[in-house]
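The values are calculated or read from the model by the stated rules, or taken from the named source; none is laboratory data. Predicted model only: the values in this text are computed from it and were never measured. Neighbour counts run over all protein chains shown; Cβ positions are idealised from the backbone, glycine included.
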Amino acid sequence: MSTRSKLGIASIAFGSLLCLGQSMAAQQPTTPADQTDLHKDRVDRNKDARDLRKDRRDRNGDKRDLTKDRRDRNTDQRDINGDRRSLTEAEKQYQADKKSGASAAQLAKDRQSIRSQRTDIHADRKDRNVDQRDINHDRHDVHTDQKDINHDRRDLHHDRKDIRRDKKHIAKKGRN
């Protein structure tokens, strides 16, 4: 064998050893501390993801409640509008009967109708105001839930960032 062929064989062997060394370093097991950090980060991420899903469920439920309360309030407002129309009609009837010289019994009946309409309006306004308070409460709940969602999204983002950083750190250790 010539010197040249010996050098060729030696360079091939040296190159093989280099490649083998790099592949061995890449497959180096991670330290228990690194594995623990990565596991903790994943646990945190999963917990934050669960919290986020729960907060979204809460917000969606509050939005449904808000829609229902708005529907109830609008129904009460329609009742108020109808009672106002009836009150206007009753007052017109009373004025017409008064002008035409109707009997005292008829005028008393008209006044009773007016009082009844006013009572109905008052009751409907109370219902509407209760519904409006419910709406205000539900809007506050939706707002609070959205704040919780935003907080959980930030936490989730930080957890994902920690996991990426730990994986990068582990990979960097493996190369050294």
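Condition (residue is more than 30 Å from Arg42 (Cβ to Cβ) and among the acidic types (Asp, Glu)) applied to region 95-109: is it met by at least one residue?
Within region 95-109, one or more residues are more than 30 Å from Arg42 (Cβ to Cβ) and among the acidic types (Asp, Glu).
Among Arg57, Arg50, Arg42, which is closer than 26 Å to Leu156 by Cβ and in contact (Cβ under 8 Å) with a residue 24 or more places away in the chain?
Arg42
Go through region 101-115 residue by residue and tally those that are assigned to a helix (DSSP H, G or I), among the small types (Gly, Ala, Ser) and surrounded by 14 or more Cβ atoms within 10 Å (Cβ to Cβ).
In the first step, residues of region 101-115 are kept if they are assigned to a helix (DSSP H, G or I); the result is 104-115.
Narrowing further to those that are among the small types (Gly, Ala, Ser): 104-105, 108, 113.
Those still in the list that are surrounded by 14 or more Cβ atoms within 10 Å (Cβ to Cβ) too: 113.
Total satisfying the criteria: 1.
Filter region 61-100 down to the residues that are more than 28 Å from Lys126 (Cα to Cα) and surrounded by 12 or more Cβ atoms within 10 Å (Cβ to Cβ) and list them by number.
As a first pass, look at region 61-100 and keep what is more than 28 Å from Lys126 (Cα to Cα): 95-100.
Result: Asp97, Lys98.
Here are some residues: Gly8, Gly101. Which one is at positive phi and at pLDDT below 90?
Numbers: Gly8 fails: at positive phi.
Matching residue, one of Gly8, Gly101: Gly101.
Quick check on Ala33: is it in a helix (DSSP H, G or I), of a type in the set (Gly, Ala, Ser), closer than 30 Å to Asp166 by Cα and under 14 Å from the mean Cα position of the chain (by Cα)?
no
Being under 20 Å from Gly61 (Cβ atoms) and either modelled with pLDDT under 90 or out of contact with any strand residue (DSSP E or B) (no Cβ under 7 Å at 6 or more places or on another chain) (or both) is true for just one of Asp141, Asp127. Which residue is that?
Criteria check complete, one pass: Asp141.
Suppose we filter Leu66, Leu87 for residues that are in contact (Cβ under 8 Å) with a residue 60 or more places away in the chain, touching a Lys or Arg at 6+ places or on another chain (Cβ under 9 Å) and in a helix (DSSP H, G or I); which single one remains?
From the options Leu66, Leu87, the qualifying one is Leu66.
Confirm whether Ile121 is in a helix (DSSP H, G or I), more than 30 Å from Thr36 (Cα to Cα) and among the β-branched types (Val, Ile, Thr). Break it down stepwise before answering.
Numbers: in a helix (DSSP H, G or I): yes; more than 30 Å from Thr36 (Cα to Cα): yes; among the β-branched types (Val, Ile, Thr): yes.
So Ile121 passes the test.
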